[in-house]
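One structure is given here, and the rest of the page talks about it.
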Amino acid sequence: MNTLELPFELEKIRALVNCLDDAITNAVTGNPSEAGDQALCLVDLLQQHIDALIDSADSLEVGAA
């Protein structure tokens with residue numbers, strides 16, 4: 001990943017967080033079972049994107065050194 005891709009990756013994380021917020025709201029107010037499954041899936045996706053960003057930042061630092 002290069003520095004031009006970073007804003008796009010951050011937008012994907014923002015979208016995942018917004019979806020997660022909706023899923024948690026649904027879990028509290030609507031169908032807890034379905035929303036809970038959706039929230040867990042979104043947390044997994046969010047973790048994958050955050051890990052990818054961290055790995056990319058590490059590789060950018062190594063390349064800059």
So, in segment 1-46, of the ones that are acidic (Asp, Glu) and closer than 27 Å to SER59 by Cβ, which residue ends up least open to solvent (accessible area, probe 1.4 Å)? GLU9
Pairs where the first residue, in segment 29-40, is among the hydrophobic types (A, V, I, L, M, F, W, C) and the second is modelled with pLDDT of 80 or more and open to solvent by 80 Å² or more (accessible area, probe 1.4 Å), C-beta under 6 Å, 6+ apart: ALA39/ILE24
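The values are calculated or read from the model by the stated rules, or taken from the named source; none is laboratory data. Bear in mind the structure is a predicted one, so any value in this text is a computation, not a measurement. A quick note on method: Cβ atoms are made from the backbone with ideal geometry, for glycine too, and the neighbour counts reach across all protein chains shown. Areas reflect the complete protein model, heavy atoms only, side chains present, ligands, DNA and RNA absent. Shrake-Rupley method; radii C 1.70, N 1.55, O 1.52, S 1.80 Å.
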